[in-house]
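Report on one structure; see the data block that follows.
Read-outs throughout are calculated quantities, based only on the coordinates presented, and are distinct from any laboratory measurement. No experiment lies behind these values; they were computed from the predicted model shown. Don't worry about glycine lacking a Cβ; one is built from the backbone with ideal geometry, like all the others, and counts go over all protein chains shown.
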Amino acid sequence: MVKVAIFASGSGTNFDNIMQRIAKGELQNIDVTALYTDQTTAPCIQLGQKHGITVHILPPKTYANKQAYEEDVLNHLKNEGVEWVILAGYMRLIGHTLLEAYEGHILNIHPSLLPKYKGIDAIGQALNNGEQETGSTVHYVDAGMDTGQIIAQRTCPIYPNDTKSSLEDRIKALEYELYPEVIKEIIR
Ligand code: GRF
């Protein structure tokens with residue numbers, strides 16, 4: 001089994017889905033050492049506790065700078081023997097400290113058909129642009145925002161009466177299938 005860490009900043013439903021897949025025996029290649037979050041009150045914290053894993057709550061503001069923050073994160077990762085990092089709604093750019101340590105070993109999922117609609121509010125951007133189709137992309141992480149090499153994508157329709165919330169639900173349903181499939185395939 002490959003040791004992985006999951007990074008999240010918000011609701012953590014993709015994290016929760018991955019943990020559920022592991023519990024059901026559907027994802028047997030990974031062992032999640034811990035959840036890492038940069039937010040002190042994010043709902044993902046309770047989900048981590050529910051799954052009985054270590055939750056590292058590391059707010060970047062409490063460090064001198066980004067490098068000091070990432071060096072501390074890296075120390076924890078190394079102590080836990082982590083080989084891969086899975087970003088699941090982690091709302092920060094990965095800096096050079098972590099990129100150098102985990103080159104080619106960091107995955108992200110983004111709610112658009114990259115290279116379209118990088119960055120924040122990808123769902124709103126697709127909706128407001130009158131797209132008839134959007135989806136989700138899993139990609140390797142590089143220094144840019146949602147710019148790393150694409151691994152897999154899945155599409156879904158946008159309906160005329162969609163709201164951001166209804167579209168987000170449809171995309172998340174895709175993500176709960178897509179991310180575990182890619183994790184199973186890529187992390188070995
Ligand atoms: C997902 O839509 C993912 O694509 C994006 O952030 C969202 C995280 O949602 N990077 P959740 O916290 O897993 O519910």
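Would you pick out the residues in region 114-157 that are assigned to a loop (DSSP other than H, G, I, E, B), surrounded by 15 or more Cβ atoms within 10 Å (Cβ to Cβ) and in contact with a strand residue (DSSP E or B) (Cβ under 6 Å, 6 or more places away or on another chain)? Those that are assigned to a loop (DSSP other than H, G, I, E, B), surrounded by 15 or more Cβ atoms within 10 Å (Cβ to Cβ) and in contact with a strand residue (DSSP E or B) (Cβ under 6 Å, 6 or more places away or on another chain): L114, V141, D146, G148. Among the residues examined, L74 qualifies as within 17 Å of Y90 (Cα to Cα) and surrounded by fewer than 18 Cβ atoms within 10 Å (Cβ to Cβ).
As a summary of the residue check, A101 satisfies the conditions (1) hydrophobic (A, V, I, L, M, F, W, C); (2) touching a Leu at 6+ places or on another chain (Cβ under 6 Å); (3) over 26 Å from N29 (Cα atoms) except for the one numbered (3). Set side by side, the residues A88, A152, A64, A126 differ, and just one is small (G, A, S), within 14 Å of the ligand (Cβ to nearest atom) and more than 30 Å from D31 (Cβ to Cβ), which is A126. Looking for whichever is over 22 Å from S166 (Cα atoms), without any contact (Cβ under 8 Å) to a residue 24 or more places away in the chain and touching a helix residue (DSSP H, G or I) at 6+ places or on another chain (Cβ under 9 Å) here; the options are K78, K116. Which one fits? Within the list K78, K116, the selection yields K78.
For region 70-85, the criterion of being within 16 Å of the ligand (Cβ to nearest atom), under 16 Å from the mean Cα position of the chain (by Cα) and not in a strand (DSSP E or B) is met by no residue.
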